[in-house]
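My structure is below; once you've seen it, I'll send some questions.
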Amino acid sequence: MTDSGSQPSRFYLTTPIYYVNARPHLGHAYSTIVCDAIARRKRALGVETWFLTGTDEHGQKIERSAKLAGCSPQEFADRIAGEFRGLWDRLGLTYDDFIRTTEERHIRRVQHLFATLRDRGYIYKGSYTGQYCVSDEAYVDGPPGTICPDCGRATETVSEENYFFKLSAFERKLLEFYEANSGFMGPESTRREVISFVRSGLKDLSVSRTTFDWGIPVPGDEKHVVYVWLDALANYITALGYGSDDAKDQERFKKFWPADIHLIGKEISRFHCVYWPAFLMAAGIPLPRSVKANGWLLFDQGKMSKSRGNIVRAETVHEVLGADALRYFLLREIPFGQDGNFSFDALVQRYNGDLANGYGNLVSRVVNMVHKYFGGVVPEAGAATQAEAALRASAENALASFGPAFDDLNFSEALKGLWLLVAETDGYLTANAPWKKPPERSDADHAALQARVLATAAEAIRLITALVYPILPDATAKVWRQLGQGELADAARNGFLKDLAWGGLKPGTKFGEPAPLFPRAEKDAVERMQKLEEENNRTAVEAVSANDANEAKSAPAATPAAPAIKYAAAPAPAPAVAAKPVARAAAKAPAETAAPQATASAPATAPAPAAETPATPTQERSHITIDDFTKVELRVAQILVAERVPKADKLLRLEVDLGYEKRQILAGIAQYYEPEKLIGRKIVIVANLAPRKMRGLESNGMLLAASLEGGAPVLAGFLEEVPLGARLK
Ligand code: MSP
């Protein structure tokens, strides 16, 4: 009985290429770690494997992020791409190639693909007026004001000359393809969603943009840049060598294309299961064999993402518990394809339960006893009793079922099954207690039992170790040495999993020195990780504040469409209400409560009856100069998303649109405003406050409201139509 099943002779798998608008977090690490585990297993089965990852660096979103950071898009992309690659290296991920879409090789080959699509009659020139979601870099159907159905942010109206791809011509062909290739998309929920999207009708797709230039120029018409999703999806073939004249590139492309798995997050399945196959069909290139979507890693009850401000970095877990702990947790805890919660507590629990007390403890018991009783040399097991036969049968069972479950991406099930064998081996040891000699047992019998039990347990450990290698590469390498098997990396390179079978641990094998694998995590592990995250958030906030300074410098360029409101003749008299900033608590205020007591005048707020809220007597105020006032950047914003913050009665999380950018603000108005009723409402915010964290979420500004003694705050607003981003002066 071996583990290998039927395997292809070569295998190509890819991660999504990650946007460089923000630093990597656990969500990105999740998809990449899954691919790494698959790639390691394939190589260890003797399959020639190519594992590609990289970064997606073009498009309006990156251009804007760079502008806000005060540097060129290329500098910005270089920095963040370096962080992704650096992190993957620190985590020991074994990608074969890391493609950046700003590389020359990619640019030339995308132009080749674009020209091919045009030459084959699938691209034509037209013009597009409609909605565009910059965050998703996606066209959205609907009138101006439509909210992006995927991310919930406001779309922008674009009107420009574009090249169009004849996507509509592929509706029937795609449906036929899905029908004939039932394993193409997974999980089932993704498959259903995609099919229903295609059935609802496909419109031609704009595949170039003209209103910004951070992209790949369309060959022969350079005022257009290639639509960022066509550019990005093409990475899967350009990295291999599609469109290159070089013989080696061509050979690699021929060898590895079509891809066996495009592993993606579920939110980008439309791009991978509809647009990408259509582009390939149009270009006459074979289609990938499968697209598999992982679910979302959730933290604090929401998808882990930078815009929600609820990220955890892989570096933190790596530093405290090691990369293997993170890999094991992600693959064991979350059934692939489903959303899964991440928490430090659950991580430490799994680590202690399964790794420190489970596998790690088992290895240490057996290796130490082989050293103690047999001088570190594997004894001859002798004749097996029923107990050994039973353990062997379980091990062979695990060997037969682990591979198919893993290859179906059921990592959690595969590990669960293998850990039953860990527990059974542990139980076998305890039941036979080779460390205890009952008085009635002769020395010779006891030595035979010790030999039989330790050799059998060590063999079970060898099989467990080999199988779990793709998930725990660091720990298993140590165990392999302790079992006297040499370097696991060499064994993996030589396809050792292919011939894995019971009985490989030969008597006479000299064990290596015992060494700790997973030291038990103490109570403070969770605190240490939380602290590392807090420290990182603090530095990130400082970095954002520094960016704010840059933003101020580059404001004219970043906010061209933000007109200022001017008062006609004399400034309006100060209204009789004080508008109080409600969102951003002062340094001393408790995180969740509203606001500093400092007040700001709100010239545009409808005045409330003077009797209700007397103005502060002028003589009690200290005056500020007009320069002081102009330091405060008050702007008009529209609420796009409003939702309660879990476990914070007073806080609402708002996403607001300033016209030139969108941002998250936390406001202490949850007791006074129903979130649903706020959506679409125009408000006034202090736009240049330094960001601050509350309940793990970052607030980037503060909204203004009239503060009524003993009553509910009243949000500042306008009676006339005002454009988003307009400055109040
Ligand atoms: N650049 C596009 C993909 C182009 S592929 C041709 C993109 N980039 S992204 O930076 O937004 O990364 C998205 C991918 O990161 C997801 O599809 C998923 O693989 C991974 N994840 C990011 N956050 C995640 C979670 N919170 N949970 C799980 N995976 C997540 O979209």
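Across the range 360-406, what is the total count of residues that are open to solvent by less than 60 Å² (accessible area, probe 1.4 Å) and assigned to a helix (DSSP H, G or I)?
27
Now for a separate question. Looking only at the range 7-41, which residues are in a loop (DSSP other than H, G, I, E, B) and of a type in the set (S, T, N, Q)?
Q7, S9, T15, N21
Limited to the range 642-680, what total is found for residues that are touching a residue at least 40 places away in the same chain (Cβ under 8 Å), touching a helix residue (DSSP H, G or I) at 6+ places or on another chain (Cβ under 8 Å) and surrounded by 20 or more Cβ atoms within 10 Å (Cβ to Cβ)?
Counting residues in the range 642-680 that are touching a residue at least 40 places away in the same chain (Cβ under 8 Å), touching a helix residue (DSSP H, G or I) at 6+ places or on another chain (Cβ under 8 Å) and surrounded by 20 or more Cβ atoms within 10 Å (Cβ to Cβ) gives 2.
Counting only residues that are open to solvent by 60 Å² or more (accessible area, probe 1.4 Å) and either in contact with a His (Cβ under 7 Å, 6 or more places away or on another chain) or in contact (Cβ under 8 Å) with a residue 24 or more places away in the chain (or both), how many does the range 170-180 have? First the steps, then the outcome.
Keep residues of the range 170-180 that are open to solvent by 60 Å² or more (accessible area, probe 1.4 Å), which gives 172-173, 176, 179-180.
This time we only want the ones that are either in contact with a His (Cβ under 7 Å, 6 or more places away or on another chain) or in contact (Cβ under 8 Å) with a residue 24 or more places away in the chain (or both), so: 173.
Counting residues in the range 170-180 that are open to solvent by 60 Å² or more (accessible area, probe 1.4 Å) and either in contact with a His (Cβ under 7 Å, 6 or more places away or on another chain) or in contact (Cβ under 8 Å) with a residue 24 or more places away in the chain (or both) gives 1.
While we're on this one: Can you tell me which residues in the range 310-327 are assigned to a helix (DSSP H, G or I) and either touching a Pro at 6+ places or on another chain (Cβ under 6 Å) or away from the ligand (no atom under 13 Å from the Cβ) (or both)? Break it down into steps so the answer makes sense when it comes.
Narrowing the range 310-327 to residues assigned to a helix (DSSP H, G or I): 314-321, 323-327.
E315, T316, V317, H318, E319, V320, L321, A323, D324, A325, L326, R327 - these are the residues of the range 310-327 that are assigned to a helix (DSSP H, G or I) and either touching a Pro at 6+ places or on another chain (Cβ under 6 Å) or away from the ligand (no atom under 13 Å from the Cβ) (or both).
How about the range 40-63: which of its residues are in contact with a Leu (Cβ under 6 Å, 6 or more places away or on another chain) and more than 15 Å from the ligand (Cβ to nearest atom)?
Scanning the range 40-63 gives A44, L45.
Would you point out the residue of the range 1-19, among those that are of a type in the set (S, T, Y) and away from the ligand (no atom under 13 Å from the Cβ), that is least open to solvent (accessible area, probe 1.4 Å)?
Filtering first and then ranking leaves Y12.
Test R332 against the criterion of being open to solvent by 50 Å² or more (accessible area, probe 1.4 Å) and away from the ligand (no atom under 13 Å from the Cβ), and give yes or no.
Numbers: open to solvent by 50 Å² or more (accessible area, probe 1.4 Å): no; away from the ligand (no atom under 13 Å from the Cβ): yes.
No; evaluated as a whole, the condition is false for this residue.
Also, quick follow-up: Checking T465 against (1) among the polar types (S, T, N, Q); (2) open to solvent by less than 30 Å² (accessible area, probe 1.4 Å); (3) part of a loop (DSSP other than H, G, I, E, B), only one condition comes out false. Which one?
For T465, the exception is condition (3).
Does the range 190-226 hold any residues that are within 16 Å of the ligand (Cβ to nearest atom) and either without any contact (Cβ under 8 Å) to a residue 40 or more places away in the chain or assigned to a helix (DSSP H, G or I) (or both), and which are they?
Within the range 190-226, T190, E193, V194 meet the criteria.
In the range 407-441, which residues are closer than 30 Å to Q338 by Cβ, out of contact with any Leu (no Cβ under 7 Å at 6 or more places or on another chain) and open to solvent by 40 Å² or more (accessible area, probe 1.4 Å)?
Scanning the range 407-441 gives D407, D408, N410, E413, K416, L420, A423.
Of all residues in the range 335-350, which are open to solvent by 10 Å² or more (accessible area, probe 1.4 Å), in a helix (DSSP H, G or I), in contact (Cβ under 8 Å) with a residue 12 or more places away in the chain and not charged (D, E, K, R)?
If the condition is that a residue be open to solvent by 10 Å² or more (accessible area, probe 1.4 Å), in a helix (DSSP H, G or I), in contact (Cβ under 8 Å) with a residue 12 or more places away in the chain and not charged (D, E, K, R), then F344, A346, V348 are the ones that fit.
Another one. Hey, does the range 275-283 have a residue that's more than 9 Å from the ligand (Cβ to nearest atom) and touching an Asp or Glu at 6+ places or on another chain (Cβ under 7 Å)?
No, the range 275-283 has no match at all.
Filter the range 516-543 for residues that are small (G, A, S) and at pLDDT below 90; which is surrounded by the most Cβ atoms within 10 Å (Cβ to Cβ)?
Step one: filter the range 516-543 for residues small (G, A, S), giving 521, 525, 540, 543.
Going one step further and asking which of them are at pLDDT below 90, we end up with 540, 543.
Details: A540: 19, A543: 13.
My answer is A540.
Quick one: which of A69, A22 is within 10 Å of the ligand (Cβ to nearest atom) and at pLDDT below 95?
A22
The values are calculated or read from the model by the stated rules, or taken from the named source; none is laboratory data. Everything numeric in this text was worked out from a predicted model, so none of it was measured. Neighbour counts run over all protein chains shown; Cβ positions are idealised from the backbone, glycine included. For accessibility, only protein heavy atoms count, side chains too; no ligands or nucleic acids. Shrake-Rupley method; radii C 1.70, N 1.55, O 1.52, S 1.80 Å.
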